[in-house]
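Data block below; observations after.
What follows is calculated from the coordinates using simple rules that are stated; it is not laboratory data. Remember, it's a predicted structure, so these values are computed and weren't measured experimentally. Cβ coordinates were reconstructed from backbone atoms using ideal geometry, including for glycine residues, and neighbour counts include every protein chain displayed.
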Amino acid sequence: MKNHKRKVLVTGAGGFIGHHLVKFLKEKNYWVRGVDIKKPEFESTLADEFLMLDLRDRKNTDTATKNIDHVYNLAANMGGIGFIETVHAEIMHDNVLINTNMLESSRINKVSRFFFSSSACIYPRYMQRKSRVTALKEDTAYPADPDNEYGWEKLFTERLCMNYKKDYGLDVRIARFHNIYGPLGTWQGGREKSPAALCRKIALAKKEDTIEVWGDGKQTRSYCYIADCVEGIYRLMNSSVDTPLNIGSDRLISINQLIAIIAQIAGKKISKKHDLSKPQGVRGRNSDNTLIKRLLHWSPSTPLEVGFSHTYRWINKQIQEGKQHV
Ligand code: NAD
């Protein structure tokens, strides 16, 4: 019997969101090719084919996109605030190459649709100066003033995607992710983001203990659970929306409030030692979900307490199993 399954490519399939997305697409019965420079760290991949390819190299993006209908392009050299505020040229260099090569190879290999994972980091600094911040609507990206080089590269690639659509008719979908968290993500080593770093610190703490917190803890963010994120990616990819959409939560909380939630999950009494010399990013950031709710009927359904309970337990288990680097 002829196989009518749509063939999809997930780049960054060895990483956090990419690995979860491969699992989701396999459940939906797609034929999936995963590509990355590394295999998933915590589980084996479910991809039908997994190619270890460096996508900074144009020959490799040609190979990756061969005989593919839909591309989910998630590969990026990235990390949490400690990484993106200290590594600049390498992030811009690598990600411009990955994204430019991926778009050009997708055009040449006649990919029918291309998903790009952009970021809340594209939004201007002047919109994010207060803790009680106004949530970010998609149309407030300009005049551009991202707060780091990672955000500038994402904004450039959003524009490149839109111009591949304009000049070559490549059908593009663009999501701006806002702090995606959950199990199976980087939780140590310097590239981890605040949700995983805080879970790790609290998991390592004694029943009554003090943890180091970057900044005064009054900076605010919103956090979106991975299962909601992959559902949002899928709905966007299968919609007709070709302008950027936020994929995030609109529940704004401070880092101090988040610590209280994780400490309660852990059953520990946690005090904080604030280190004001450490990078903390913008003062406040929240996702405005009006547009995605209207266009895709999507909003995250996992309460923060539930998502962080899964995440904390998974990181705690990693530590109990002795997986922590010394
Ligand atoms: P991740 O670091 O876990 O995954 C990225 C993957 O890309 C890694 O496995 C890495 O090995 C791979 N990669 C890096 N360089 C490569 C190369 N040259 N060739 C092939 N693969 C390469 O990150 P993630 O959290 O899963 O993020 C996925 C995407 O979503 C990225 O584009 C990221 O910028 C974007 N994003 C994530 C968040 C978030 O909160 N996690 C927020 C905004 C945007």
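Things to note:
- Straight-line cross-link reach from LYS272 at under 19 Å between alpha-carbon atoms covers these aspartates and glutamates, not counting any fewer than eight positions away in the same chain: GLU208, ASP209, GLU212, ASP216.
- Simple spin-label estimate for SER239 and HIS325 in nanometres, 7 Å along Cα-Cβ: 3.8
- Size of the stretch 158-224: Rg and Dmax of its alpha carbons, in Å, are 18.5, 60.
- Ranked by how many other beta carbons lie within 10 Å on average, peptides 264-276, 242-254 from highest: 242-254, 264-276
- Per residue, the average separation of C-alpha pairs within less than 8 Å and at least 6 apart gives the stretch 77-181 a relative contact order of 37 percent.
- GNM on the chain, alpha-carbon springs under 10 angstrom: the most fluctuating residue among GLY185, GLY14, GLY82 is GLY82.
- Computed from the C-alpha gyration tensor, the three semi-axes of the ellipsoid equivalent to the stretch 1-84 are 22, 16, 10 Å, from longest to shortest.
- Top of GLU43, GLU231, GLU138 by mean-square fluctuation, Gaussian network on the chain, Cα under 10 Å: GLU43
- For the peptides 122-132, 104-114, the ranking by mean Cβ contacts within 10 Å, running from highest to lowest, is 104-114, 122-132.
- Neighbour net charge for THR290 - beta-carbon separation under 15 angstrom, K R +1, D E -1: +1
- Local electrostatic count at LYS166 - Lys and Arg +1, Asp and Glu -1, tallied over other residues with Cβ under 14 Å: -1
- Here LYS110 is the anchor, and the lysines within straight C-alpha reach of less than 20 Å, apart from those fewer than 8 places off in the same chain, are LYS5, LYS7, LYS59, LYS66, LYS165, LYS166.
- Summed side-chain charge close to ALA64 - residues other than ALA64 whose Cβ falls under 11 Å, Lys, Arg +1, Asp, Glu -1: -1
- Label-reachable residues, the stretch 288-315, where backbone N falls under 18 Å from a point 7 Å from GLN264's Cα toward its Cβ: 302-313
- Look at the dipole of the chain built from charges on Cβ: of VAL87, SER44, HIS70, the Cα furthest out on the positive end belongs to SER44.
- Alpha carbon centroid spacing (whole Å) that separates the stretch 209-230 from the stretch 262-283: 9
- When only the Cβ of Lys, Arg, Asp and Glu is charged (+1, +1, -1, -1), the dipole of the chain relative to its Cα centre reaches about 620 debye.
- Only helical runs count toward this figure. For the chain, summing -39,500 (n - 2.57) over DSSP H runs of n ≥ 4 and dividing by all residues gives -12000 deg cm²/dmol at 222 nm.
- Amide H partners (placed H, <5 Å) of TRP31, local residues excluded: ARG6, VAL8
- Rg and Dmax, both from the Cα atoms of the chain and both in Å, are 19.3, 64.
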